Amino acid sequence: RTPQDPLKKLTARALMTLLACSPTAQNYAAKVGLIDNCVEQLKQTQSQLHLESVRPGRTSHRRKEGGCLKEVRLAAEVLRSTLYYNNECKVAATDARLTPTLFALWPWLLLDDPTMEVVLELLCVYTANCPPACSSLCSSVPGGTPGSKGSLMHSVMKLTSLTADCSAVQSLAFSLLVNLTVSRDCRCILQKNNFLQAFLLVPVPKAAAAKATSGGASPLSLWLRLLVSLSSTEDGQQSILKVTGALELLLDLAPHRRHALLTLHNLCFCPSNKSHVISNEKSIKVLMSCLESREMETCCMGASALWALLHNNQRAKTALKCPSVQLKIKEAHSTFKKDAEKQQDPVSVYLLKCLEHLSL
């Protein structure tokens, strides 16, 4: 159907709804070539946009460009529904060269936020829990060297600083980077390009306001979500600690930001990181302050991190033997033991186990 056909959009919407809720429909769509056709449509649209960009007549060019971008959005939305929670379809999209096709469209996406949002949503679905899809973003050419200059991932990284703070595009770009951290190739790109240095430049609200805004999509919230995901792997933890000042900033934020505390918690579990963390006098103080919290999850993260630091580390043992520290541990144990006996949920049981191991 032509782009002007009113039935085209309605048909596409109905198809998207069916695909998003039916794996059977998704697999059938892949079998009959819907994924290949959508990617081919994107390729043809990119060729048309390129031809229009070199032709004279700016007014007609803008009109045709708008029509082309509508086609891009429609194809991307259909693909998003087709790939939703379906790794087989994601493999088919990789084979159809989805990543380099979107990379070729990138210059036009940068000029149109609505289209960029749809494409980023597609990429978030495509890369969710799918390491091969994540790795495909490391190179502009399938089968090329991961991390090659000019990859789609490099473009997404640049996008986080090009867009306005708190915009939908910025939020989606960070969500995509969170997905990509499951891939070692992607984590290497983040480190080699010094991307994490930008974390130190993020505006930090005053402590009083920090907790109130922690649920929003502020740049700081987006960064902390990324660091939590990155800190779930040993090489990711090391890349965070290599950024001078990152640990200090996390320690400042941990009392007010759950994701900062969770990142700090993760950093304590890598043996090679322990000396770095403990060498900062504030580390033990921040983690000990968690034991005074009435929130079980906060207390559990602090106790768990302290237990991790304590394991095979004499310096941590010395710090925790302090009578005032042991008193806080006993008080926390006494407080949460009552709750654990009543609730018997996994978190409370684990918290008590941590506190028992901290009692020296």
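The values are calculated or read from the model by the stated rules, or taken from the named source; none is laboratory data. If you're wondering where the values come from, they're calculated on a predicted model, not measured in any experiment. Counting neighbours? That spans all protein chains shown, and the Cβs are built from the backbone with ideal geometry, glycine included.
Might you let me know whether the range 330-342 holds any residue that is charged (D, E, K, R) and either under 32 Å from the mean Cα position of the chain (by Cα) or closer than 24 Å to SER279 by Cα (or both)?
no
Which condition breaks for HIS276 when tested against (1) closer than 15 Å to PRO255 by Cα; (2) surrounded by 14 or more Cβ atoms within 10 Å (Cβ to Cβ)?
Status for HIS276: all satisfied but (1).
Report whether or not ASN312 is among the polar types (S, T, N, Q), surrounded by fewer than 23 Cβ atoms within 10 Å (Cβ to Cβ) and under 16 Å from HIS357 (Cβ atoms).
yes
Determine which member of the set ALA168, ALA209 is at negative phi and modelled with pLDDT under 90.
The conditions single out ALA209.
Check the range 83-95 and report whether any residue there is loosely packed, with under 15 Cβ neighbours inside 10 Å, at pLDDT 95 or above and touching a helix residue (DSSP H, G or I) at 6+ places or on another chain (Cβ under 8 Å).
There is at least one residue in the range 83-95 that is loosely packed, with under 15 Cβ neighbours inside 10 Å, at pLDDT 95 or above and touching a helix residue (DSSP H, G or I) at 6+ places or on another chain (Cβ under 8 Å).
Given the criteria of a type outside the set (S, T, N, Q), at pLDDT below 95 and not in a helix (DSSP H, G or I), does GLY147 qualify?
yes
So which residues in the range 244-276 are in a helix (DSSP H, G or I) and aliphatic (A, V, I, L, M), if there are any at all?
Of everything in the range 244-276, those that are in a helix (DSSP H, G or I) and aliphatic (A, V, I, L, M) turn out to be ALA246, LEU247, LEU249, LEU250, LEU251, LEU253, ALA260, LEU261, LEU262, LEU264, LEU267.
Does the range 347-356 contain any residue that is touching a helix residue (DSSP H, G or I) at 6+ places or on another chain (Cβ under 6 Å), of a type in the set (Gly, Ala, Ser), surrounded by 20 or more Cβ atoms within 10 Å (Cβ to Cβ) and under 24 Å from ASN273 (Cα atoms)?
Scanning the range 347-356, I find no residue that is touching a helix residue (DSSP H, G or I) at 6+ places or on another chain (Cβ under 6 Å), of a type in the set (Gly, Ala, Ser), surrounded by 20 or more Cβ atoms within 10 Å (Cβ to Cβ) and under 24 Å from ASN273 (Cα atoms), so the answer is no.
Sort out which residues of the range 151-181 are surrounded by 19 or more Cβ atoms within 10 Å (Cβ to Cβ) and assigned to a loop (DSSP other than H, G, I, E, B), and write them in order of number.
Residues satisfying the conditions are SER151, THR181.
Name, by its number, the condition in (1) in a helix (DSSP H, G or I); (2) within 25 Å of SER167 (Cα to Cα) that does not hold for ALA217.
(1)
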